[in-house]
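First up is the structure itself, then whatever we jot down about it.
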Amino acid sequence: VICDFLVVGGGSAGCALARRLSERPDARVIMVEAGGAAAHPDVLDPSAYYRLWESDVAWRYTSVAQRGTNDRVHYSPRGKGLGGSSAINGMVYFRGARSDYDNWAYAGNHGWSWADVLPAFEAMEAVLTPTVLPERNPLSTVFVNACVQAGHHFTDEFDGGELSGVGWNRSTIRDGQRNSSYRAFLAPVKDRANLSIVLNSRATRILVRRDGCVSGVECVDAARRKMQIVAGETILCCGAFDSPKLLLLSGIGPARDLEAFGIDVRVDLPVGDNLVDHVLLGVLYEGTRPLPEQNAHLTEATLFAGSRPDGYTADIQISFNKEKHFADGYTVGPAAFTIIPGITKPKSRGWVRLRSADPDEPPVINPCHLDQDADVRCLLRGIELAREVGEADAFAPWRAREVAPGPGIDDEPGLRQYIARVSSTWFHPVGTCKMGLDAGAVVSPDLRVYGTQGLSVADASIMPEIVSANTNGAATMIGWKAAEILLSR
Ligand SMILES: Cc1cc2nc3c(=O)[nH]c(=O)nc-3n(C[C@H](O)[C@H](O)[C@H](O)COP(=O)(O)OP(=O)(O)OC[C@H]3O[C@@H](n4cnc5c(N)ncnc54)[C@H](O)[C@@H]3O)c2cc1C
């Protein structure tokens, strides 16, 4: 099979990219996706999303034991099938902060400053249509009021790049149903004559010659039949765990690691390094009475705050859930709510590596959660801020008691233990095929894999630094913008 552009992976970025590439009628585009149509009924139902995490539309990955979290292993699912992780995620939508992108550009990534990415966000969002949900849960309004009572300002300007204060966040929900990247970008154009979507076929190897020229990928389908797809340009959109895995399997990665698995080294690059993930935990309250039903499971209001009184950067994001969440090991009655501080600028860095040279094996994932004490200190401050909100008057009619960390735990050693016991991934891994000009970079600012021709990466793995909020918006923008870059080459 032959095409101009081969998009490997049909997730958040891949669907946006394939739509835009196939807008050009003379470009023949193939998208190959390891999963299926993601037709699981819960995909469309926003209130059912927790059920998807362990379903057949998820890659059920786990991390290795994390020293920073009491040697716990963290379940780290990724979406599998059309829409990728946008088909199983929490649907919270943010662009990120102006400073995130300006820092990318400052590091040498020409074309990725806030001013550069803003038009891409606007054009992409015109199709994705993330919105502030009109029907709010009364308890979310209580959360917003409590934040204001705790001294935070109300904002309706999250989209302007200043992430600070409390406000209503947008969600990727349309007409009451999840709007995955597939539903938004590809479903309406899937019949284009120049676009083919190949499902249930996993790329197992990039076809890369000794001189670095790439001619496509080898895939294996559900019946274990092998197929080669030949392409002028191959673009990896397999996400922050699987894009590095595919590069490593193909001999593009740290030479010493590849040699240890008997893989022929094509290009010696730090693929898989620089794994960054957001970490969060729950401050859990028992409610006094049944909580209002509508939008029961959705995060519709968010607070951004700085961990340091003198700092202007909002490095803490606090979400609100109208039930128990991210407080494993604690029991609570049927009425509960959780105030969830997370760190948006973690200092810890981890890695993704191969388990073996067998493409069927899942990658080894080591996010190094809370390796750096700065991250723990940030969470300590996050718990303080969450408690200030939880104890505000607005919650008085709803709050029976704090269950976790619990009223007895307010000294630093106790809180540090709590952090190690309950902190968890926010499911935002990025950075493993870092874009940049430095020795740690895997792709250039125009997304080419160094040392190759005809190979690019366009997904969450290229982020040089993680954005200061949930990562789906940024990943989708990367796919959208990649089309401009590829078509202008
Ligand atoms: C449980 C969960 C909750 C989340 N909640 C939120 C949230 O509320 N808001 C938010 O902004 N972000 C959230 N995120 C994160 C966000 O969804 C991701 O950052 C984003 O979807 C990443 O997009 P991507 O294109 O990089 O990868 P993905 O969307 O994961 O796409 C990768 C695709 O590639 C396919 N693939 C992998 N390997 C191969 C291969 N070898 N061959 C062919 N295809 C392959 C996969 O099946 C998948 O479809 C959440 C993520 C998860 C998992």
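Please state which of the following conditions D4 fails to meet, knowing it meets all the rest: (1) within 12 Å of the ligand (Cβ to nearest atom); (2) assigned to a strand (DSSP E or B).
(1)
Restricting the first residue to region 461-489 and requiring it to be at positive phi and in contact (Cβ under 8 Å) with a residue 24 or more places away in the chain, which pairs with a second residue that is polar (S, T, N, Q) and within 9 Å of the ligand (Cβ to nearest atom) meet a Cβ separation below 6 Å and a spacing of at least six or different chains?
Close Cβ pairs satisfying both conditions: none exist.
Consider A38 carefully, then state whether it is at pLDDT below 95, within 28 Å of K226 (Cα to Cα) and not β-branched (V, I, T).
Against the criterion (at pLDDT below 95, within 28 Å of K226 (Cα to Cα) and not β-branched (V, I, T)), A38 qualifies.
Within 16 Å of the ligand (Cβ to nearest atom), closer than 23 Å to R20 by Cβ and not in a helix (DSSP H, G or I): is that true of G90 in this structure?
no
Looking at G406, is it surrounded by 15 or more Cβ atoms within 10 Å (Cβ to Cβ) and at positive phi?
no
With respect to the numbered conditions (1) modelled with pLDDT of 95 or more; (2) more than 11 Å from the ligand (Cβ to nearest atom), which one is the sole condition not fulfilled by M31?
With respect to (1) modelled with pLDDT of 95 or more; (2) more than 11 Å from the ligand (Cβ to nearest atom), M31 is out only on (2).
Go through region 155-180 and give me each residue that's part of a loop (DSSP other than H, G, I, E, B) and surrounded by fewer than 18 Cβ atoms within 10 Å (Cβ to Cβ).
Once the filter is applied, which keeps residues that are part of a loop (DSSP other than H, G, I, E, B) and surrounded by fewer than 18 Cβ atoms within 10 Å (Cβ to Cβ), region 155-180 yields T155, D156, E157, E162, D175, G176.
Give me the residue from region 217-235 that is under 14 Å from D4 (Cα atoms), under 26 Å from the mean Cα position of the chain (by Cα) and not hydroxyl-bearing (S, T, Y) and, out of that set, surrounded by the most Cβ atoms within 10 Å (Cβ to Cβ).
I235
Report yes if G96 is at positive phi, part of a loop (DSSP other than H, G, I, E, B) and touching a residue at least 40 places away in the same chain (Cβ under 8 Å), otherwise no.
Answer is yes for this residue.
From the list L269, L284, L248, L291, exactly one residue is more than 16 Å from the ligand (Cβ to nearest atom), more than 26 Å from S171 (Cβ to Cβ) and not acidic (D, E). Which is it?
L269
Which of (1) crowded, with 24+ Cβ neighbours inside 10 Å; (2) in a loop (DSSP other than H, G, I, E, B) is the odd one out, the single condition L17 does not satisfy?
If we test L17 against (1) crowded, with 24+ Cβ neighbours inside 10 Å; (2) in a loop (DSSP other than H, G, I, E, B), just (2) comes out false.
Here are P407, P429: which of them is of a type outside the set (A, V, I, L, M, F, W, C) and within 30 Å of Q149 (Cβ to Cβ)?
Answer to the selection: P407.
Any idea how many residues of region 47-87 are in a helix (DSSP H, G or I), among the small types (G, A, S), away from the ligand (no atom under 11 Å from the Cβ) and buried (at least 22 other Cβ atoms within 10 Å of the Cβ)?
The total comes to 0.
Filter region 93-111 for residues that are within 16 Å of the ligand (Cβ to nearest atom) and touching a helix residue (DSSP H, G or I) at 6+ places or on another chain (Cβ under 6 Å) and give the result.
Result: Y93, F94, R95, G96, Y101.
Considering only residues that are under 32 Å from the mean Cα position of the chain (by Cα) and of a type in the set (G, A, S), which ones fall in region 396-418?
Once the filter is applied, which keeps residues that are under 32 Å from the mean Cα position of the chain (by Cα) and of a type in the set (G, A, S), region 396-418 yields A404, G406, G414.
Pairs under 6 Å by beta carbon, first residue within 16 Å of the ligand (Cβ to nearest atom) in region 411-434, partner of a type in the set (F, W, Y), six or more apart or different chains?
Sorted first by the residue in region 411-434, then by its partner, the pairs are S424/F326.
The values are calculated or read from the model by the stated rules, or taken from the named source; none is laboratory data. The structure presented is a predicted model; accordingly, all values stated were derived computationally and were not measured. A quick note on method: Cβ atoms are made from the backbone with ideal geometry, for glycine too, and the neighbour counts reach across all protein chains shown.
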